[in-house]
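Some notes on the structure that comes next.
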Amino acid sequence: MTRVAAFFDLDKTIIATSASAALSRPFYEGGLVTRGDVLRSAYAHFLFVVGSADADQTERMRKHLSELAAGWDVEKVRQIVAETVHDVIDPYVYAEAVDLIAEHHELGHDVVVVSASGAELVEPIAAVLGADHTIATRMKVSEGRYTGEMDFYAYGENKAVAIRELAERYGYDLERSYAYTDSITDAPMLDAVGHGFAVNPDRTLRRLAAERGWGTLQFTRPVALRTALRPPTPVLAVLGAAAVAVVAFCVWRSVRRR
């Protein structure tokens, strides 16, 4: 018997902000980034919110942050994320997303968080939400440090490729499965399943949703995650081996979404 999965984007779908921008201050306080890097992160987050980042700005940000992350110690990054992720993410979780995740679990569906952000950031959030699997960007590691290169970049068409691979591994029927995202760059992800939903869509995504027959949803109630969860929720093992991407690819990816 085939199984059903629900695939959720992270930024602006499950949470009402950019997860990476929220982590910039803990990384500054931990000595991994400078004040200038924090300001760049804030600017990237601003462009993400207003949707005005162009391709050149996105590429410059990606290149800068990729170079910045090279050489970071894996364990130090992992520790900072583990100690701060609740405090910086909890206030921004959409109550509607939490409820929808719970509904899918009640129906016996697996829940998968899909994000171009780094695995070390995605996995702790997915764990608290009770997600069954994650798809995220993975960075190369050499001798306990990050090289600044990617093993896998979970963006655009790559998300759909990873979804199909996961479906083959776990026996998901993609025609019966669901996907949720706010981003036009995730159109391949919505195309990969039988039930796609555009969350808080802008005009471009709303128009495409109408053309492709996808549903539309409005999430409007950010709440503290600890108060929104239905107790108790099983969690995943967290903190994968790609810790550098917390800043290096989460922040620039956020601006590229628009």
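At-a-glance table
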| item | result |
| --- | --- |
| Enumeration of residues in the range 178-205 that are out of contact with any helix residue (DSSP H, G or I) (no Cβ under 9 Å at 6 or more places or on another chain) and surrounded by 15 or more Cβ atoms within 10 Å (Cβ to Cβ) | 200 |
| Candidate set: the range 67-122, residues that are among the hydroxyl-bearing types (Ser, Thr, Tyr) and surrounded by fewer than 20 Cβ atoms within 10 Å (Cβ to Cβ); chosen: the one farthest from residue 198 (Cα to Cα) | 84 |
| Of all residues making up the range 123-177, the number that are within 13 Å of the chain's Cα centre (by Cα), at pLDDT below 90, in a strand (DSSP E or B) and surrounded by fewer than 21 Cβ atoms within 10 Å (Cβ to Cβ) | 1 |
| Selection count where residues are at positive phi and modelled with pLDDT of 80 or more, scope the range 44-102 | 1 |
| Total residues in the range 118-159, condition in contact with a Leu (Cβ under 9 Å, 6 or more places away or on another chain) and either over 27 Å from residue 2 (Cβ atoms) or not charged (D, E, K, R) (or both) | 17 |
| Qualifying residue in the range 180-201 (condition: outside any helix (DSSP H, G or I), at pLDDT 95 or above, under 21 Å from residue 130 (Cα atoms) and among the polar types (S, T, N, Q)) | yes |
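The values are calculated or read from the model by the stated rules, or taken from the named source; none is laboratory data. As the structure is a computational prediction, the values presented were derived from the model and not from experiment. In this analysis, Cβ positions are derived from the backbone assuming ideal geometry, glycine residues included, and neighbour counts consider all displayed protein chains.
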